[in-house]
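What follows is a set of notes on a single structure, which appears directly below.
Bear in mind that the values in this text are calculations on the coordinates, not laboratory data. Because the structure is predicted, anything quoted here is derived from the model rather than measured. We place every Cβ from the backbone using ideal geometry, glycine too, and count neighbours over all the protein chains shown.
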Amino acid sequence: MTVKTKSIYDAKGNEDGLRVLITRYYPRGVKRERFDLWMKGASPTIDLLKAYRKGSIDWSEFRKRFSKQLNTEAESKYAIKGLLDLAKKRKNITLLCYEREGQNCHRQIVKSKLDRSLRRQ
């Protein structure tokens, strides 16, 4: 079981496994064939996303609030449970978002949470 991350704009790879889009908004210009499943619940709330994009909060505060969201909000907890179930059944899953690799992105936070949970099992 490996959880990977990629930008939705990066080419598909044979090692990607199940490709899961984890964005609140649908990325512009992306065809449905670029991913297998869309899980909005594994993305930041609209208010949190807006606060970060406008610069009202920095990356450190965003990480803290988003981590709390993943642990407390029903939609997010359900999405994380679903991703964990998928990761247990599949060899690989790849979390996708529109941010390019190397940029701050919530998919890294989701991946870390999934990796920690999978190691405990």
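Listed residues GLY13, GLY82, GLY17; which is on the phi > 0 side of the Ramachandran plot and of a type outside the set (A, V, I, L, M, F, W, C)? Just one listed residue meets the conditions, GLY17.
In the stretch 97-109, the condition of being polar (S, T, N, Q) and touching a Lys or Arg at 6+ places or on another chain (Cβ under 8 Å) is met by no residue.
Say we look at the stretch 72-109 and pick out the residues that are hydrophobic (A, V, I, L, M, F, W, C) and without any contact (Cβ under 8 Å) to a residue 40 or more places away in the chain; which of these is farthest from ARG32 (Cα to Cα)? The extreme case among them is ALA74. The residues on offer are THR5, THR45, THR23, and the sole one that is within 18 Å of GLN108 (Cβ to Cβ), of a type in the set (S, T, N, Q) and touching a Phe, Trp or Tyr at 6+ places or on another chain (Cβ under 8 Å) is THR23.
Taking the listed residues SER60, SER67, SER112, the one that is out of contact with any Pro (no Cβ under 9 Å at 6 or more places or on another chain), surrounded by 12 or more Cβ atoms within 10 Å (Cβ to Cβ), without any contact (Cβ under 8 Å) to a residue 60 or more places away in the chain and farther than 21 Å from LYS6 by Cβ is SER67, with no other qualifying.
Per-residue answers, yes or no, for (1) under 16 Å from the mean Cα position of the chain (by Cα); (2) in a helix (DSSP H, G or I); (3) of a type in the set (Ser, Thr, Tyr):
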residue	(1), (2), (3)
GLU33	no, yes, no
ASP47	no, yes, no
PHE62	yes, yes, no
LYS88	no, yes, no
ILE93	yes, no, no
ASN104	yes, no, no
LYS111	yes, yes, no
LEU118	yes, yes, no
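When the stretch 48-76 is filtered for residues that are among the basic types (Lys, Arg) and closer than 11 Å to VAL110 by Cα, only ARG63 remains. With respect to the conditions (1) in contact with a helix residue (DSSP H, G or I) (Cβ under 6 Å, 6 or more places away or on another chain); (2) in contact (Cβ under 8 Å) with a residue 40 or more places away in the chain; (3) buried (at least 19 other Cβ atoms within 10 Å of the Cβ), TYR52 lacks only one, and its number is (2).
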